[in-house]
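So the structure is just underneath, and the comments pick up after that.
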């Protein structure tokens, strides 16, 4: 079983469109995991059936029993997250600010504070339109721990892939370099980086690559919209060479991606000439991972 | 004399790559032609505004979070610390107390509840704040160290610093991280008005809906800017109209904008319709500000 994670650093480079295209090409040989749980979009292209739903609990949340509270204020004093404001003669927990550390519960002299498990989203196990299993999630609005939800999605995808004896797991990661990204990298065999030839694209590519290097995961890169700025494209290729990142493909700046998306399709389901290019990328990536093992 | 309070505007988006940075930098530069303006890059995982803002760095300050450090000589291995920590950041391994700094939320519980004071809190560097000036524009960049996973503490610290040192600048723009979870909440919470930048595609609409729910949960007024108007479809406009969300401007899709962006250039003085859009946005913000005061 090989796990392929698609990342970008910068948002809006075409990461999800490409990950979904690979998912369609892989068909039933892969389990799909949408780990961009903050702003999940893969379902718009892969049309999963939301077959099974689980509630996801992560972390804790404090609550105050006002009957027991003597308004001593010790809880608010120790809380480093300003999560216990004093309003209308009562101490109240601000759910958006509480990080669930439990310090207040420990110090409350009248045991008026208790910690509860916190529901922070839903995990779905679906069948996609191409028949593969897809694990995806939705984080509750403003909930924390998206790194943990990413881990839950990945673990579910892994156990499904084992159970169904699938060859690949294709993961759509989130932008940035923080905890959701790190969480989506655990156990990965290969990272596909999707970038664009802009100063921001290259800057963010370098930062996310620095994170990947710490995990010693092999990676390849697709330069999307390469013809937007040919000088930058050359610069990116130089960076890829220096950093031992495989150059997978150059994709031209093409409105066909948006048109396909508007119809709820991936680019490989249209008659666009880009289809062949993405098919080559998929072959190329498969060969690289399998050869390595 | 009435006390002048700054008007703080968050520029956010659910989906990455919709034009948040484009709008933040161009709006800030345009505004600063006529009034003193502050721009703060809070997209700490992948800060990009610096690419577009000229001016040399005047000062840099290291930013820290506080983490416990084990003092072996004082420790009696009573186990309270590892028992208290909800994040598994302080773990007793035999006769050794391990501190996993990336898991620590700086709640201080272990440190302050330790009967032997064997876990004093120490500074740990998580990022850097830098300051640049260009005419009437003051620009603060907040940048997370590679390898650090938590953006939230750095975002909080940046807001605190801005409140302390820059209250004299009446117009303040905050370029927020993408997504809908903890980082964007931390970034938008301390502001008066939120602009959501989106694109007229299914991905854009899906993530816009999530972002709107998030901002409403924070109780902030908001407006939408549709970037790349002309691609995709009309669903974003219908959604905004149906939900009575003001659309501040529609920036037409234009390859020239993308090319300027790729080179790290501002566009408001090159593309006329961008300047028109910025004028509309500023007019709207000024009216909102007057009502706000």
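Data for the structure
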{"item": "Between the stretch B:19-41 and the stretch A:105-150, the alpha-carbon center distance in angstrom", "result": "36 Å"}
{"item": "Residue A:163 paired with residue B:238, simple spin-label distance in nm, labels 7 Å along Cα-to-beta-carbon", "result": "3.8 nm"}
{"item": "Residue order, fewest to most surrounding Cβ atoms within 10 angstrom, among B:103, B:39", "result": "B:103, B:39"}
{"item": "Average beta carbon contacts from partner chains per residue of B:147-157, 10 Å cutoff", "result": "3"}
{"item": "Residue among A:52, A:87, A:232 with the largest mean-square fluctuation in a Gaussian network model of chain A, springs linking Cα atoms under 10 Å", "result": "A:87"}
{"item": "At R0 = 30 Å, FRET efficiency that the Cβ-Cβ distance of residue B:121 and residue A:122 yields, to 0.05", "result": "0.25"}
{"item": "Shape parameters for the stretch B:70-119, alpha-carbon atoms, Rg then Dmax in Å", "result": "9.6, 25"}
{"item": "Fraction of antiparallel bridges per DSSP, the protein assembly as shown only, in percent to nearest 5", "result": "45 percent"}
{"item": "Cβ-Cβ FRET estimate between residue A:255 and residue A:71, R0 fixed at 45 Å, reported to 0.05", "result": "0.15"}
{"item": "Burial ordering of A:160, A:195, fewest other beta-carbon atoms within 10 Å first", "result": "A:160, A:195"}
{"item": "Relative contact order computed over chain B (Cα-Cα under 8 Å; 6+ residues apart), in percent", "result": "26 percent"}
{"item": "The stretch A:60-119, relative contact order in percent, only Cα pairs under 8 angstrom and at least six apart counted", "result": "49 percent"}
{"item": "Cα centroid separation - the stretch A:217-263 against the stretch B:165-224, whole Å", "result": "29 Å"}
{"item": "Between helix A:274-292 and chain A: long-axis angle, C-alpha atoms, 0 to 90°, nearest 10", "result": "80 degrees"}
{"item": "Among beta bridges that DSSP assigns inside the stretch A:121-263, antiparallel share in %, nearest 5", "result": "40 percent"}
{"item": "Projected label distance in nm at residue A:80 and residue A:63, using a 7 Å step from Cα toward the beta-carbon", "result": "2.7 nm"}
{"item": "Mean Cα-pair separation over length for chain A, i.e. relative contact order, pairs under 8 Å, 6 or more apart, %", "result": "27 percent"}
{"item": "Three-way shape label, the stretch A:60-119, alpha-carbon gyration tensor, a/c 1.5", "result": "rounded"}
{"item": "Size descriptor, Kirkwood hydrodynamic radius, that averages inverse alpha-carbon separations across the protein assembly as shown, Å", "result": "24.9 Å"}
{"item": "Residue among A:266, A:110, A:198 with the largest mean-square fluctuation in a Gaussian network model of chain A, springs linking Cα atoms under 10 Å", "result": "A:110"}
{"item": "Shielding by partners - mean other protein chain Cβ count within 10 Å, residues of B:44-54", "result": "5"}
{"item": "Ascending count of other beta-carbon atoms within 10 Å, so fewest first, for B:240, A:101", "result": "B:240, A:101"}
{"item": "D (Stokes-Einstein, µm²/s), Kirkwood Cα radius, chain A, 0.890 mPa s at 25 °C", "result": "119 µm²/s"}
{"item": "Label-to-label distance, nm, for residues given as residue B:213 and residue A:95 (7 Å Cα→Cβ offset)", "result": "1.2 nm"}
{"item": "Packing-based order for B:146-152, B:187-193, B:122-128, using average beta carbon neighbours within 10 Å, highest first", "result": "B:187-193, B:146-152, B:122-128"}
{"item": "Computed FRET value (nearest 0.05) for residue A:246 with residue A:210, which takes r as the C-beta separation and R₀ as 22 Å", "result": "0.80"}
{"item": "Within 10 Å of each Cβ in B:182-189, the average number of Cβ atoms from other chains", "result": "4"}
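Only the coordinates and a few stated rules stand behind these numbers; no lab work does. Computed from a predicted structure; not experimentally measured. With ideal geometry, Cβ positions are generated from the backbone for all residues, glycine too; neighbour counts draw on all protein chains shown.
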